[in-house]
Amino acid sequence: MVLAALLTLCAAPQQAAAQDAQEVGAVTGFPIPRYVSIKASEANARRGPSRSHRIDWVFQRRNMPVQIVAEHGHWRRIVDRDGAGGWMHYSLLSGVRTAIIETDMLELRQRPDPAAPVVAQAELGVIAFLDECNAAWCRLNVGGHRGWVPSDTLWGVAPGETFD
């Protein structure tokens with residue numbers, strides 16, 4: 001009984017370290033999964049990672065955020081917020097960070113503070129450009145209006161993600 005408890009305690013830090021380790025793409029060395037945006041106004045998502053595979057989806061929304069979940073050569077397996085996706089050629093994707101507003105009439109605030117003055121509002125489904133994110137808030141640009149919103153009101157930002 002004591003030996004089993006001791007083995008469990010010794011294994012716990014190793015399991016936690018394995019969970020904290022983030023997978024990276026074999027091609028790019030960038031984290032998997034990660035968010036990017038579609039840079040083309042029309043982009044095909046295919047069944048497999050080559051032009052010979054059939055097209056499953058045609059994305060027709062430029063700057064739409066998608067999540068890369070796998071890499072193979074010049075191809076990235078992507079999913080959108082609804083789970084649709086497939087293999088897309090890397091040339092159709094951009095590292096420019098965007099997000100989709102997930103709350104109707106989302107208030108953009110002057111500072112990352114729920115009591116800060118509201119500078120604008122954004123409708124549900126609007127695509128916003130991300131300027132920066134801390135663990136709980138993101139500063140975004142929607143049609144020339146800049147402001148801070150809680151990161152959990154967006155699709156296209158991982159929980160707790162930070163960047164500037």
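The numbers here are math on the coordinates, done by the rules we state, and not lab data. Remember, it's a predicted structure, so these values are computed and weren't measured experimentally. Cβ placement follows ideal geometry from the backbone for every residue including glycine, while neighbour counts extend to all protein chains displayed.
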- Note on the structure: If 102, 107 are placed from fewest to most neighbouring beta carbons inside 10 Å, the sequence is 102, 107
- For region 23-95, rounded, prolate or oblate, judged on the Cα gyration tensor with a ≥ b ≥ c (square roots of eigenvalues), a/c < 1.5 rounded, else prolate if a/b > b/c? oblate
- Query: Counting Lys and Arg as +1 and Asp and Glu as -1, what is the net charge of the other residues whose Cβ lies under 10 Å from the Cβ of residue 124?
  - Reply: -3
- Query: Arranged by the count of other C-beta atoms within 10 angstrom, fewest first, what order do 59, 30, 129 take?
  - Reply: 30, 129, 59
- Item | Prolate/oblate/rounded call for region 99-155, Cα gyration tensor, a/c under 1.5 rounded | rounded
- Query: Put a dot 7 Å past each Cα toward the Cβ at residue 164 and residue 110; how far apart are the dots in nm?
  - Reply: 2.1 nm
- Rounded if a/c is under 1.5, else prolate if a/b is larger than b/c, else oblate: which is region 34-75, with a ≥ b ≥ c the root eigenvalues of its Cα gyration tensor? oblate
- Query: Between residue 123 and residue 41, what is the FRET efficiency for a Förster distance of 30 Å, r being their Cβ-Cβ separation, to the nearest 0.05?
  - Reply: 0.90
- Query: Rounded to the nearest 500, what is the chain's calculated 222 nm mean residue ellipticity when only DSSP H runs of at least 4 contribute -39500 (n - 2.57) each, over all residues?
  - Reply: -4000 deg cm²/dmol
- The set of residues whose placed amide H lies less than 5 Å from the amide H of residue 24, leaving out same-chain residues fewer than 5 positions away, is 32
- Query: Counting Lys +1, Arg +1, Asp -1, Glu -1, what net charge surrounds residue 163 among other residues with beta carbon under 10 Å of its beta carbon?
  - Reply: -3
- Taking 32, 55 and counting other C-beta atoms within 10 Å, the order from fewest to most: 55, 32
